[in-house]
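Some notes on the structure that comes next.
The values are calculated or read from the model by the stated rules, or taken from the named source; none is laboratory data. Please read these numbers as outputs of a predicted model, since none were measured by experiment. When we count neighbours, we look across all protein chains shown, and the Cβ atoms used for this are built from the backbone with ideal geometry, even at glycine. For accessibility, only protein heavy atoms count, side chains too; no ligands or nucleic acids. Shrake-Rupley method; radii C 1.70, N 1.55, O 1.52, S 1.80 Å.
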Amino acid sequence: MEKLLPRFLEYVSIDTQSDPYSKSTPSTEKQWNLAKKLVMELHQIGMQEVSIDEHAYIMATLPSNIEKPVPTIGFISHFDTTPDFSGKNVKPQIIQDYDGSDIILNKKKNIVLSPDYFEDLLQYGGQTLITTDGTTLLGADDKAGIAEIITAMEYLIKHPEIKHGKIRIGFTPDEEIGRGAHKFDVEKFGADWAYTMDGSQVGELEFENFNAASAKIVITGKSVHPGYAKGKMVNAIGVANEFLGLLPLREVPEHTTDREGFFHVHKVNGEIENAEINLIIRDHDKEHFEARKELLQDIANKLLKKYGDDCIQLQIEDQYRNMREKVEPVFHIVEIAKEAMESLGIEPIIKPIRGGTDGSQLSFMGLPCPNIFAGGHNFHGKYEYVPLESMEKAVQVIVKICELTAEQIR
């Protein structure tokens, strides 16, 4: 474990922010800086079949050290960071033996990480926390996962007495902009199943996520002098407001939790003759998800009937699906991870992801892929932090999953 912290600190010092407006893969040239370093490091620790393709997807192999055939398993993390907040010039702070009090991230700007607001901090009394300096994110999402996977592989290489089958690892660009699995070569990866190390607090084990779609509503109005507009004007802004008023008032992110779905309007703009609404649809239940899309169509049809056939255009695009339907038929892969945690004294927290994951896309591409904790909190912003002890436990879980998979099959 002595290399885990310096390894992580080195990774977060390299800016790998992705760009949703770029058409290239990776979406930013600077992601190559960490990608190339990781390739060198994988060679240095003794991994085999190390490769990086033209899109910066990295793969490597730890060969089996047992004679009997066992399934090939994989571990996957992403090296980009979110475009939502700066990842440039990250200056981590190390808080040893955390005492449960406020942490001053930046005295000059009065930025404080406080357990009064972030209650999860109170779980980590006496531990070592890695935080930001209040001006950038940290990058534990998901450089913690990468550090954990490489540390676990190095440990297995140095401890051949731990028996395991063939292990594949993969590191991807552009996960934060929804493209992490788009060009992932599942056939080349060659694993029977895998785990993304991209969850949050210790114990998280996730095998279901939202079904997701985006919707764009384009409204065309008719502009007429307001003094003579009765019966003639169609104000696109007013129609947009009417459309929004027909959505369920409480089925929004700020009023839902657990498996409750929602509509999330994230952009509205317009003038009298043209208006546009952009929203996303989320639901864990497939039937409820389809019903949400049907509701949007029903609202559009109602307003078309009221204002004319050329008034509204509704475009709905599916984004990703709930990986549960692909993981449940091979549920032993979740049970192995659960057993690994329990054997290490970690209480599994099995819950649905209120979002998406590369594991969802990979599962539907033929690689069942639950998600396991990497240890961080408050991702995508200046209050991000990760306990070192949580990262160490993630390393232990990876090693134990490899060991258990070989034992159970044998």
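Give me the percent of accessible area attributable to carbon and sulfur for region 183-269, probe 1.4 angstrom. Roughly 52 percent of what the probe reaches on region 183-269 is carbon or sulfur.
Taking amide H positions as modeled 1.01 Å from N, with prolines and chain starts lacking one, the residues under 5 Å from His284 and 5 or more places away or on another chain are Asn211, Gly261.
Measure out, as a whole number of angstrom, how far apart the alpha-carbon centroids of region 375-410 and region 127-180 sit. Distance between centres, Cα-based: 8 Å.
Please work out whether region 174-325 counts as rounded, prolate or oblate from its C-alpha gyration tensor, where a ≥ b ≥ c are the square roots of the eigenvalues and a/c under 1.5 means rounded, while otherwise a/b larger than b/c means prolate and anything else oblate? Prolate.
Expressed to the nearest 5 percent, the antiparallel share of DSSP beta bridges inside the chain is 75 percent. Please check: in the Gaussian network model of the chain (C-alpha springs, under 10 Å), which one of Asn322, Asn371, Asn65 has the largest mean-square fluctuation. Sorting by GNM fluctuation, first place goes to Asn65. Within the shell of other residues whose beta carbon sits under 15 angstrom from the beta carbon of Ala275, the net charge comes to -2, with Lys and Arg scored +1 and Asp and Glu -1. Across region 207-213, coupling constants 3J(HN,Hα) worked out from phi with the 6.51/-1.76/1.60 Karplus curve, θ = phi - 60°, read 9, 9, 9, 5, 7, 9, 8 Hz, and Gly and Pro carry x. Extending 7 Å from Cα along the Cβ direction at Lys351 and again at Asp120 yields two label points whose distance is 0.9 nm. Figure note: His264, His332 ranked by solvent-accessible area, largest first, 1.4 Å probe, ligands and nucleic acids not counted: His332, His264. Per-residue ellipticity at 222 nm computed for the chain from its helices equals -9500 deg cm²/dmol, with DSSP H segments shorter than 4 residues left out and the rest contributing -39,500 (n - 2.57).
Taking Thr257, Thr172, Thr128 as the candidate residues, the one with maximal mean-square fluctuation in a Gaussian network model of the chain, Cα springs under 10 Å, is Thr257. Expressed in units of 2.2 N^0.38 Å, where N is the residue count, the Cα radius of gyration of region 43-93 is 1.68. Projecting the Cα atoms of Gln319, Leu304, His225 onto the dipole axis of region 220-341, where Lys and Arg carry +1 and Asp and Glu carry -1 at the beta carbon, places His225 farthest toward the positive end. Compared with the dominant Cα axis of the chain, that is its longest principal axis, helix 236-245 is turned about 60°. Radius of gyration over Kirkwood radius for the chain, both on Cα atoms: the Rg/Rh ratio is 1.04. Remark on region 1-95: hydrodynamic radius 15.4 angstrom, per the Kirkwood mean of 1/r across alpha carbon pairs.
Close amide-amide hydrogen proximity is noted between Lys91 and Asp133, each under 5 Å apart and 5 or more residues distant or on a separate chain (H modeled in the peptide plane; Pro and chain starts excluded). Of the options Leu138, Ser24, Phe331, report the single residue whose Cα projects farthest towards the positive end of the charge dipole of the chain (beta-carbon charges: Lys, Arg +1; Asp, Glu -1). Projecting each Cα onto the dipole axis, the largest value belongs to Ser24. In the full protein context, region 18-132 carries 53 Å² of accessible surface per residue, based on a 1.4 Å probe and ignoring ligands, DNA and RNA. Using a probe radius of 1.4 angstrom, the carbon and sulfur fraction of the accessible surface of region 307-400 is 44%.
Average 1/r across all pairs of distinct alpha carbons in region 1-57, invert it, and you get the Kirkwood radius: 12.7 Å.
Summarising the label geometry, the points placed 7 Å from Cα in the beta-carbon direction at Lys3 and Gln408 lie 2.8 nm from one another. Accessible surface ranking for Asp142, Asp120, Asp99, 1.4 angstrom probe, highest first: Asp99, Asp120, Asp142.
Quick one: net charge of Thr220's neighbours, Cβ under 13 Å, K/R +1, D/E -1? In short, -4. Any chance you could check the Cα centroid distance between region 230-262 and region 3-63 for me, in angstrom? A separation of 42 Å, based on Cα centres.
To the nearest ten degrees, helix 140-158 and the longest principal axis of the Cα atoms of the chain are 20 degrees apart.
In plain terms, the C-alpha convex hull of region 117-232 casts an average shadow of 16.1 nm² when viewed from every direction. Backbone geometry of region 65-74 corresponds, through the Karplus equation with coefficients 6.51, -1.76 and 1.60 at θ = phi - 60°, to 3J(HN,Hα) couplings of 10, 10, 7, 6, x, 10, x, 8, 10, x Hz, x marking Gly and Pro. Largest first, the residues Ser360, Ser13 sort by 1.4 Å accessible area into Ser13, Ser360. Across region 284-299, computed HN-Hα scalar couplings (Karplus, 6.51 cos²θ - 1.76 cosθ + 1.60, θ = phi - 60°) run 6, 7, 5, 5, 5, 4, 5, 5, 5, 5, 5, 4, 4, 5, 5, 5 Hz from first to last residue, x flagging Gly and Pro.
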